[in-house]
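Enquirer: Please find one structure pasted underneath; my questions will follow.
The values are calculated or read from the model by the stated rules, or taken from the named source; none is laboratory data. Given the structure is predicted, the values throughout are model-derived calculations rather than measurements. All Cβ positions, glycine included, derive from the backbone under ideal geometry; neighbour counts span all protein chains shown. Protein only, heavy atoms only, side chains kept; ligands, DNA and RNA dropped before computing areas. Shrake-Rupley method; radii C 1.70, N 1.55, O 1.52, S 1.80 Å.
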Amino acid sequence: MSDTFKIGKREFKSRLMVGTGKYPSNEIMKIALEASGAEVVTVAVRRVNLDRSSESMLDHIDKKYTLLPNTAGCYTAEDAIRTARLAREALDTEFVKLEVLGDEKTLFPDNEALLEAAKVLVKEGFTVLPYTNDDPIMAKKLEDIGCAAVMPLAAPIGSGLGIRNPHNIRIILETIKVPIIVDAGVGTASDAAIAMELGCHGILMNTGIAGAKDPVKMARAMNLAVEAGRLAYLSGRIPKKLYATASSPLSGIIE
């Protein structure tokens, strides 16, 4: 497929982005990343050893991947901004997945703090991919301040519930022009396919793969599901009807 995926100034072939947390081992993570076909790999800045003074998860991630540092675990705009700046210095990248959480139990985003942090980071030249809820109004605000993409949740982080509100995702897709990357809540391959069939430009997932009984097989399944969903979206599905329609033409039948 020549159907490439562009975020800011960067272009990718794979529309699946994969996280690096929660795997049983670094070796399984490494094999699963390969099976996923992903080109972009997320790294939680606050949970890895960036200075390489001792063994780091980064030692097990092939240099062929584009690193997308994220501000997971930040609960204030100030903390998220500081973490993003640290990632830029340590990893030499302007890419950042911006998370500002508002609640430890639900891990829902604090959208006011998110918008505040995004404004600062965009002005500082970051390519900002904000994790937000499925609110079309907030999505538009994030686009208007210069975010390179918007990452609405499908469901709470790690829940595996799939897309709980496809109608809001549709509205977001109709409302803004930057890429929409579904983030959080994807549990299995059918969830990924549904998101892509809606017209989403990509998917970011971690727990759905890392938490599976066989992360490598699930990574492969997600890879295929994202591609299948994208192809189905581009193909244009048949309309849904209440009654049957014959598969074979009725005209020309010999009686």
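Enquirer: Taking N223 as meeting all but one of (1) out of contact with any Gly (no Cβ under 7 Å at 6 or more places or on another chain); (2) open to solvent by less than 80 Å² (accessible area, probe 1.4 Å); (3) part of a helix (DSSP H, G or I), write down the number of the exception.
Expert: Of the numbered conditions (1) out of contact with any Gly (no Cβ under 7 Å at 6 or more places or on another chain); (2) open to solvent by less than 80 Å² (accessible area, probe 1.4 Å); (3) part of a helix (DSSP H, G or I), the odd one out for N223 is (1).
Enquirer: Quick check: anything in segment 223-242 at pLDDT 95 or above and among the charged types (D, E, K, R)?
Expert: yes
Enquirer: For V43, which of the numbered conditions (1) out of contact with any Pro (no Cβ under 7 Å at 6 or more places or on another chain); (2) crowded, with 23+ Cβ neighbours inside 10 Å fails to hold?
Expert: So the condition that V43 fails would be (1).
Enquirer: Moving on to the next point. How about segment 127-152: which of its residues are open to solvent by 10 Å² or more (accessible area, probe 1.4 Å) and of a type outside the set (D, E)?
Expert: T127, N133, P136, I137, M138, K140, K141, I145, G146, A148 - these are the residues of segment 127-152 that are open to solvent by 10 Å² or more (accessible area, probe 1.4 Å) and of a type outside the set (D, E).
Enquirer: Give the residue that is farthest from K6 (Cα to Cα), with candidates limited to residues of segment 158-172 that are of a type in the set (A, V, I, L, M, F, W, C) and surrounded by fewer than 19 Cβ atoms within 10 Å (Cβ to Cβ).
Expert: The extreme case among them is L161.
Enquirer: For segment 199-215, how many residues meet the condition of being open to solvent by 20 Å² or more (accessible area, probe 1.4 Å) and in a loop (DSSP other than H, G, I, E, B)?
Expert: Residues that pass the stated criteria total 6.
Enquirer: Looking only at segment 67-124, filter to residues that are among the β-branched types (V, I, T) and either open to solvent by less than 30 Å² (accessible area, probe 1.4 Å) or touching a Ser or Thr at 6+ places or on another chain (Cβ under 6 Å) (or both); which one of those is nearest to P156 (Cα to Cα)?
Expert: V100
Enquirer: Please go through segment 10-27 and give me each residue that is surrounded by 16 or more Cβ atoms within 10 Å (Cβ to Cβ) and not in a loop (DSSP other than H, G, I, E, B), ordered by number.
Expert: Once the filter is applied, which keeps residues that are surrounded by 16 or more Cβ atoms within 10 Å (Cβ to Cβ) and not in a loop (DSSP other than H, G, I, E, B), segment 10-27 yields F12, L16, M17, V18.
Enquirer: Quick one: count up the residues across segment 50-71 that are among the aliphatic types (A, V, I, L, M) and modelled with pLDDT of 75 or more.
Expert: Matching residues across segment 50-71 total 4.
Enquirer: Could you say which residue among R47, R15, R82 is closer than 23 Å to V216 by Cα, modelled with pLDDT of 95 or more and not β-branched (V, I, T)?
Expert: Answer to the selection: R15.
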